[in-house]
Amino acid sequence: MLVRRKMIRERALELLERFGVEQAPVPVDDLARRLGAKVVKQDAPDELSGFVLREPTKGVAIIGVNARHHPNRRRFTVGHELGHFLLHEGERLHIDRQWTGYQVKLRSEQSSAGTNVDEVEANLFAAELLMPISFLNTDLAKFARLTLTTEEKIERLANKYEVSQQALTVRLTSLGYIQQ
Ligand SMILES: [Zn+2]
């Protein structure tokens, strides 16, 4: 199965539009709640990033995030679990361990190709939701008049979007804004 990039981008944009989100930081916990997913923070071992537990007949869910992780990482986890909730039906409990941003697709221990696709899709959804292209375009255009290094741009944008510098770097690289 292929990663549904176009559909995922459109789905994320449609949510931002529906809830009137026009600039960063995207209120991801709030969006999750409004879509029927309650976000809870729990202490957990470091390798656990989050889970989504759905109530199949009611269209609602609980998204759990690791309280020990940095708030910016937790925001990406909420986006990732929300992606599973909206895109991947049929699994009552989904637990995510030890993924770091997009790198999940490189992990050889992932058991099946299907699982890989789901994880890539959930990461893509989180990226499209938290770092929409149109927002990035606007903010990067504002930098045009300033003389900033790539590192300074990434630091400023990561602060504004409330995402990790790593997640932002991956995003900007995949969109072709920076070269690695
Ligand atoms: Zn996942």
Test of understanding: among GLU14, GLU22, GLU55, which residue is more than 18 Å from LEU130 (Cα to Cα) and of a type in the set (Asp, Glu)?
GLU55
I need the full set of residues from region 77-91 which are modelled with pLDDT of 90 or more and away from the ligand (no atom under 11 Å from the Cβ), in order please.
VAL78, LEU86
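What tally of residues in region 141-166 results from selecting those that are surrounded by fewer than 15 Cβ atoms within 10 Å (Cβ to Cβ) and either of a type outside the set (A, V, I, L, M) or part of a helix (DSSP H, G or I) (or both)? First the steps, then the outcome.
Initial filter on region 141-166 (surrounded by fewer than 15 Cβ atoms within 10 Å (Cβ to Cβ)): 141-152, 155, 159-160, 165.
This time we only want the ones that are either of a type outside the set (A, V, I, L, M) or part of a helix (DSSP H, G or I) (or both), so: 141-143, 145, 147, 149-152, 155, 159-160, 165.
The total comes to 13.
Mind checking whether some residue in region 63-76 is surrounded by 21 or more Cβ atoms within 10 Å (Cβ to Cβ) and out of contact with any strand residue (DSSP E or B) (no Cβ under 6 Å at 6 or more places or on another chain)?
Yes, region 63-76 has at least one match.
Provide a single number: the residues in region 96-134 that are acidic (Asp, Glu), modelled with pLDDT of 50 or more and more than 12 Å from the ligand (Cβ to nearest atom). Break it down into steps so the answer makes sense when it comes.
The first filter runs over region 96-134 and keeps only residues acidic (Asp, Glu), leaving 96, 109, 118-119, 121, 128.
Narrowing the set further to residues that are modelled with pLDDT of 50 or more leaves 96, 118-119, 121, 128.
Retained after the next criterion (residues that are more than 12 Å from the ligand (Cβ to nearest atom)): 128.
The total comes to 1.
The values are calculated or read from the model by the stated rules, or taken from the named source; none is laboratory data. All of these numbers come straight from a predicted model, not from anything done at the bench. Note that each Cβ is placed from the backbone with ideal geometry, even for glycine, and that neighbours are counted across all protein chains shown.
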